[in-house]
Amino acid sequence: MKTILATGGLGFIGSHTCISLINKGYDVLIVDSLVNSKLNVLSKIKDICSILKIHNKGKIFFEKGDIRDRNWLFQIFEDFKKEGRSIDAVIHFAGLKSVEESILSPLRYWDENLNITLSLLSVMDQFDCKTLVFSSSATIYKTKLNKKIDEDSFTEPINAYGNTKLAIEKILLDLSRNRQSYWRIANLRYFNPVGAHSTSLIGEDPKNKANNIFPIMIKVLEKKLDKLSIFGKDWPTLDGTCVRDYIHVMDLADSHVAALRFLISNDPQVINLNIGTGEGTSVLELVNKFNKVNNCKIPFEFSDRRNGDSPFVVADNSLSLKLLDWKPNMSLEDICKDTWNWFIKKNKN
Ligand code: NAD
Ligand code: UFG
């Protein structure tokens with residue numbers, strides 16, 4: 001296996017994963033519409049590969065376009081084939097990801113997330129490319145108080161974004177029902193991906209508005225916002241604030257390479273894997289840790305609970321630890337430090 005197609009590979013998680021792939025000797029073909037990412041990420045990825053001295057390990061190709069355009073995608077596979085190369089597997093990051101936006105514009109989310117995937121799968125099928133790692137989300141689960149979530153937990157998304165992720169998982173399961181079709185698929189159910197690359201050259205840099213805790217904390221430190229609003233102080237958790245499983249994006253990136261390895265060395269199957277650290281951190285603990293690591297002070301106030309939040313979302317990651325040659329290595333300190341350094345460097349440039 002040599003060339004991996006990364007849909008949405010210039011986005012937050014895709015860009016970091018490209019580095020892990022190249023480091024392991026894969027060639028990477030990125031296809032991205034740039035709807036939520038910037039073209040300069042491509043040169044940043046190349047710069048990081050040079051800095052890490054891994055640039056000779058694998059090549060990077062890029063094509064700009066919308067994956068819903070099936071003819072265009074077909075042509076990309078075809079051109080690769082004509083050059084005597086082949087696309088051996090796909091990591092499918094591309095999609096829209098804002099919970100809030102999906103509640104406001106559910107049709108846009110269903111159109112984009114489902115049609116990207118249907119277009120991709122039909123072209124993969126035509127070229128007999130049947131190994132796929134899919135970016136799913138912990139948001140598909142129904143959560144239980146103070147109980148870690150394993151892969152058999154009940155699924156019950158509560159917004160259009162989560163529903164599209166679960167619907168895609170169902171399509172992928174249907175593909176595997178035909179035993180003669182030989183699809184190898186891993187649904188990686190991410191918990192809370194955060195952090196940035198340690199070179200501070202890439203990190204989370206969306207074009208769309210981000211309402212997640214890390215971008216908000218940074219906005220407060222940049223004085224673009226007065227205070228962080230902590231959503232609720234009366235949740236049934238130890239300190240009354242919500243608990244999440246924050247995973248460093250480079251640990252997450254490495255899990256994709258491990259999932260690819262698992263898929264190619266095992267029988268065709270569809271497997272669901274939680275990708276988290278298994279450690280819970282409350283919002284208050286996170287803010288305190290961020291302040292301590294970066295020697296800063298984030299002003300905050302408590303506000304009402306946010307609609308749709310759950311008090312406790314932490315992965316039981318034992319299946320991933322058992323099956324993949326992978327474990328998370330980065331700490332919450334690394335996450336806080338790398339995020340802060342990335343924002344400082346970004347603002348200097
Ligand atoms: P991102 O928005 O940074 O990256 C997605 C990329 O897909 C962007 O570069 C965007 O331009 C591209 N894209 C979107 N629609 C496209 C289209 N029609 N054709 C081609 N390219 C298109 O998001 P991310 O944080 O890197 O997330 C990657 C995947 O992981 C997404 O599917 C997301 O739903 C999933 N996920 C993310 C999180 C998270 O907190 N970041 C959590 C769980 C799951
Ligand atoms: N929070 C605040 N104030 C803010 C923003 C967030 O208190 O201004 C709190 C939230 O209430 C939550 C925690 O910080 O307890 C984390 O919130 P995020 O918005 O950063 O992340 P979520 O856990 O809500 O959602 C994330 C991704 C989803 C993904 C989900 C999977 O954004 O895409 O994890 O569990 F589906």
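For residues in the range 139-169 being in a strand (DSSP E or B) and within 12 Å of ligand 2 (Cβ to nearest atom), which is surrounded by the most Cβ atoms within 10 Å (Cβ to Cβ)? Across the range 139-169, the extreme among qualifying residues is Ile149. Taking the range 172-232 as the region of interest, the strands (runs of 3 or more DSSP E) fully inside it that hold 2 or more residues being more than 12 Å from ligand 2 (Cβ to nearest atom) and either out of contact with any His (no Cβ under 8 Å at 6 or more places or on another chain) or open to solvent by 40 Å² or more (accessible area, probe 1.4 Å) (or both) are 184-190. When Asn113 is tested against (1) free of Cβ contacts under 8 Å to residues at least 40 places away in the same chain; (2) in contact with a helix residue (DSSP H, G or I) (Cβ under 9 Å, 6 or more places away or on another chain), just one condition goes unmet, and that condition is (1). The set of residues from the range 9-29 being open to solvent by less than 10 Å² (accessible area, probe 1.4 Å) and either aromatic (Phe, Trp, Tyr) or under 15 Å from Ala253 (Cα atoms) (or both) comprises Gly9, Leu10, Gly14, Ser15, His16, Thr17, Cys18, Ile19, Ser20, Leu21, Ile22, Val28. Of the strands (runs of 3 or more DSSP E) lying entirely inside the range 31-138, the ones with 2 or more residues being within 16 Å of ligand 2 (Cβ to nearest atom) are found at 131-137.
Total residues in the range 293-329 satisfying the condition of being touching a helix residue (DSSP H, G or I) at 6+ places or on another chain (Cβ under 7 Å), assigned to a loop (DSSP other than H, G, I, E, B) and more than 16 Å from ligand 1 (Cβ to nearest atom): the figure is 9. In the set (1) among the aliphatic types (A, V, I, L, M); (2) open to solvent by 30 Å² or more (accessible area, probe 1.4 Å); (3) touching a strand residue (DSSP E or B) at 6+ places or on another chain (Cβ under 8 Å), the condition left unmet by Leu263 is number (2).
Can you tell me which residues in the range 273-305 are out of contact with any Leu (no Cβ under 8 Å at 6 or more places or on another chain), more than 15 Å from Cys242 (Cα to Cα) and crowded, with 21+ Cβ neighbours inside 10 Å? Matches in the range 273-305: Gly276, Thr277, Phe290. Can you find even one residue in the range 92-108 that is open to solvent by less than 10 Å² (accessible area, probe 1.4 Å), in contact with a His (Cβ under 6 Å, 6 or more places away or on another chain) and within 19 Å of Thr3 (Cβ to Cβ)? The answer is no, given that none of the residues of the range 92-108 is open to solvent by less than 10 Å² (accessible area, probe 1.4 Å), in contact with a His (Cβ under 6 Å, 6 or more places away or on another chain) and within 19 Å of Thr3 (Cβ to Cβ). Scanning the range 306-328 for residues that are modelled with pLDDT under 95, charged (D, E, K, R) and either surrounded by 14 or more Cβ atoms within 10 Å (Cβ to Cβ) or under 21 Å from Ser153 (Cβ atoms) (or both) turns up Arg306, Asp309. Taking the range 233-255 as the range and being buried (at least 20 other Cβ atoms within 10 Å of the Cβ), of a type in the set (Asp, Glu) and more than 9 Å from ligand 2 (Cβ to nearest atom) as the test, the residues that pass are Asp251, Asp254.
The values are calculated or read from the model by the stated rules, or taken from the named source; none is laboratory data. From a predicted model like this one, the values you see are computed outputs, not experimental measurements. With ideal geometry, Cβ positions are generated from the backbone for all residues, glycine too; neighbour counts draw on all protein chains shown. Please note that ligands, DNA and RNA were not included when accessible areas were found on the heavy atoms of the full protein model with its side chains. Shrake-Rupley method; radii C 1.70, N 1.55, O 1.52, S 1.80 Å.
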